[in-house]
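Here the structure comes first, spelled out in structure tokens, and everything after it is commentary.
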Amino acid sequence: MLNYRGGSFAFPYTKTFEKECKVRGVSFEVISDSEWLSIRASINNPEINQEVIKLEKAPKIAVYTPDFNPMGMRIQPWDDAVTLVLTYAEIPFDKIYDREVIGEKLVEYDWLHLHHEDFTGQYGKFYGNQGGQAWYKVNQQKSRHWLQIWVFPRCLI
């Protein structure tokens with residue numbers, strides 16, 4: 001349910017699903033059929049930016065991320081919040097980067113995550129400390145070049 005209470009999911013209740021949510025620490029609430037119909041009616045209002053989308057199949061996901069940072073060190077799992085969350089949530093994904101983009105591998109994916117904004121503020125802190133360094137400026141210039149030639153798959157986040 002897009003934009004409804006932060007992006008909720010709804011599915012028919014079973015004891016198995018309840019147990020799985022409890023084991024994984026997922027918050028949930030059981031609602032009646034009439035509550036479900038009421039939620040659907042409110043989401044269908046064209047004046048609000050919400051939508052119910054039925055997932056027919058799990059999308060094949062790729063995350064655009066390098067294997068190494070600008071200093072040449074291998075990226076660690078905790079260095080990338082998106083891959084960390086997907087791994088923790090046990091959502092399968094592939095990491096792709098420039099070679100795969102040039103090799104036209106994007107058509108193999110339904111969903112490509114591009115790192116876009118820094119919600120943590122860490123990028124700003126990093127830029128404040130490293131933004132004037134020659135290696136950083138070269139890396140930024142290379143990144144800008146790649147952004148100009150991308151061909152995107154069907155769905156982006």
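Laboratory data are not the source of any read-out in this text; all were calculated from the coordinates shown. Remember, it's a predicted structure, so these values are computed and weren't measured experimentally. Cβ sites come from the backbone with ideal geometry, for glycine too, and all protein chains shown count toward neighbours.
Every residue in the range 1-47 that is β-branched (Val, Ile, Thr) and without any contact (Cβ under 8 Å) to a residue 24 or more places away in the chain, please. Within the range 1-47, THR14, THR16, VAL23, VAL26, VAL30, ILE31 meet the criteria.
On the basis of being polar (S, T, N, Q) and either touching a strand residue (DSSP E or B) at 6+ places or on another chain (Cβ under 6 Å) or in contact (Cβ under 8 Å) with a residue 12 or more places away in the chain (or both), does GLN76 make the cut? So GLN76 fails the test.
Here the condition is being surrounded by fewer than 15 Cβ atoms within 10 Å (Cβ to Cβ) and under 15 Å from the mean Cα position of the chain (by Cα); of ILE75, ILE48, ILE91, ILE61, it holds for ILE91 alone. You will find that of GLY6, GLY25, GLY72, the residue that is within 30 Å of ASN139 (Cβ to Cβ) and small (Gly, Ala, Ser) is GLY72 and no other.
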